[in-house]
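One structure is given here, and the rest of the page talks about it.
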Amino acid sequence: MRIWLIHHRQAAALVLRQFARTPVATFLTMLVIAVSLSLPAGLYALLKNVNDLASLAHGEPQITLVLASSANSSAIDDIRARLQKYADIAEVRFISREQGLQELNKDVGLGEITAGLEKNPLPDIFTVRSTHHDAESIVRLQKELQALPKVDAALLDEAWAKRLEALLGLGQKAVLILAILLGFALVVITGNTVRLQILSARDEIEVSKLIGATDPFVRRPFLYHGALQGLCGGILAWAIVAITFHLLNDNVGKLTDLYSFSFLLTLPSTTDIAGLLIFGALLGWLGAYLSVGRHLREVEPH
């Protein structure tokens, strides 16, 4: 085990020395990898921000339960108790007909009109916010609540929820396709870089094989080369996304201020950043593995 660790440490040190000998070429290769990774990573982070922005601008989809005019205080308490037992419900709010009329007069300015009414035309209502955000779960909850006693109607802006979900689903698929295409390009870039490394070290490889070096021993530094390039490319990709969001936030803040709410683009979470780095390292390793496996067979001692 100790010898195995020593071999890996030596391979990593060898790659770092190679990076130090060719800093410009190494940086340019990492930058190309970073640009390839930053596009899907930036779009993914942007989609998450769009989802948050939609929630701020329109509020989360909620179900409005319109109670029957015959619902007395006992029936209202019974409905409240039933709603609080639902695991799918995050928040319940009761608005009496009197409170609803007051809010209507305050927000819309219909005080003069409603003052002449002999009877309050508004019903008692419950507003319910689901723990789920997908349209299918919310619609299912709406149908269940519609069946509650003394509930005349369960209203939901289903179209808005479905439109938002469809747009986000389309964006996620587009990001996935882009990630696959650019990931393939990253594998090709890394493989070509490793191929050049193999060609430049052809004599060393032949000598190593003559003195008994195995293929895994010869392959190891090149795999580290690809993985470290991909990892560093992932770090640069995160930096590109962070700088881009920072530059955009000034204009985003000014734009949202015009709509009377505050919003700024947020960076990916720690989990997302870790996933980006691992993804970059794996793609770099894969490109190196495929290239080494192909070209090492052509390098045999004579």
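The values are calculated or read from the model by the stated rules, or taken from the named source; none is laboratory data. The shown structure was predicted, so the numbers you read here are calculated from the model rather than taken from an experiment.
Yes/no per residue for (1) of a type in the set (A, V, I, L, M, F, W, C); (2) closer than 30 Å to ALA41 by Cα; (3) outside the structural domain of ARG80 (by TED's automatic domain parsing); (4) at pLDDT below 70:
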site	(1), (2), (3), (4)
ASP152	no, no, no, no
LYS173	no, yes, yes, no
LEU186	yes, yes, yes, no
GLN197	no, yes, yes, no
GLU206	no, no, yes, yes
ILE211	yes, no, yes, yes
PRO216	no, no, yes, yes
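Here are some conditions: (1) modelled with pLDDT under 90; (2) assigned to a helix (DSSP H, G or I). VAL241 meets all but one. Which one does it not meet?
Condition (1) is where VAL241 drops out.
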